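Heads up, the thing below is written out as structure tokens.
The values are calculated or read from the model by the stated rules, or taken from the named source; none is laboratory data. Because the structure is predicted, anything quoted here is derived from the model rather than measured. Here Cβ is always computed from backbone atoms with ideal geometry, including for glycine, and neighbour counts include all displayed protein chains. All accessible areas refer to the heavy atoms of the entire protein, side chains included, with ligands and DNA or RNA removed. Shrake-Rupley method; radii C 1.70, N 1.55, O 1.52, S 1.80 Å.
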Amino acid sequence: MTIPENAQVMADAQRLLDYMDAEGLDGAVRVNRGQQHMGGIVVDSALQRRNKYTATVAPRVQKIVEQWPEAATTTGFRRLTGGGDTAGFDWSLNEGLGALGKVIDWSSPARLIQMSETAQVFADQGIDTTDQLRDALEAGQTRSALRRQLQRVRNIGPKTLDYFDILCGITEAAAIDSRIRLATTWAGIEKQGYDHPREVMFHAANTRYWRLSDLDAVLWAAHED
């Protein structure tokens, strides 16, 4: 007998909560992972895919925040990276994307170009600050338009789109990555994919009156892959 989808979500949400209770994981603890530096958000979003966050991503985000404070705005980031020009990329040069590569110690052009194209989308949408990014993602009409444009950037899929919510401090946010999948697997949730675990987390958070982003944060922190 096939279990109705909503019943499956509710059952798996309870499995997740039972697992968290057994492991002493509390989604009521409030965590703010929002950043105040657009360059940091751009770098973080581009590097998080298939990289170890603590070892690879976090140090590079810290580098751009500390060494390029003027990149806190989209305008400043694009000025420092050559205004979005990706045609003449040369990592050996201390300018444009080459300069960005040196600051964050990253030589692969694909990720650097993704950063440039992401910043271009923000500029095209009139988003210069983290507050403006959060406002755009919290409003239904601008959210849909922005996400459509971001999804045109190579390697930006559903997880990265949702991750932008987390990076700008939206509290009703979750991004299903390898750590979250590990948590749901250990909780005994068999159905995976992307949408089902997210719906499970949403229901679990509502059941306990937790913020979705806090549930995401505690599961993410406890399941380093």
Measure nothing but the geometry: give the 0 to 90° angle between the long axis through the Cα atoms of 58-67 and the longest principal axis through the Cα atoms of the chain, rounded to 10°.
40
Grab the other residues whose beta carbon is less than 14 angstrom from that of G188, score K and R as +1, D and E as -1, and report the net.
-2
State the Cα centre-to-centre distance between region 141-164 and region 186-225 in whole Å.
21
Principal-axis tilt of helix 195-208 within the chain, Cα atoms, nearest 10 degrees
70
Theoretical gain in end-to-end length, E190 to D18 [0.36 nm per residue, Cα-Cα removed]:
60.4 nm
How far is it, in nm, from the label point at Q62 to the one at D124 when both lie 7 Å from their Cα along the line to the Cβ?
3.5
Calculate, for the chain, the solvent-accessible area per residue in square angstrom, rolling a 1.4 angstrom probe over the heavy atoms of the protein chains.
48
Which angle between 0 and 90 degrees, to the nearest 10, do you get for helix 158-167 versus the longest principal axis of the chain when only C-alpha atoms count?
80
In nanometres, the difference between 0.36 nm per residue of separation and the alpha-carbon distance of Q149 and F202 is 16.5 nm
Given the Cα-Cα distance of A139 and N32 and 0.36 nm per residue of separation, how much length would full extension add, in nm?
36.5 nm
Could you check how much of the accessible area of region 7-143 is carbon and sulfur, as a whole percent, using a 1.4 Å probe?
47
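I need the chymotrypsin sites (Phe, Trp or Tyr not before Pro) found in region 137-218, filtered to DSSP loop residues with at most 16 other beta carbons within 10 Å of theirs.
For chymotrypsin sites (Phe, Trp or Tyr not before Pro) across region 137-218 that sit outside H, G, I, E and B with at most 16 neighbouring Cβ atoms in 10 Å, the list reads Y194, Y209.
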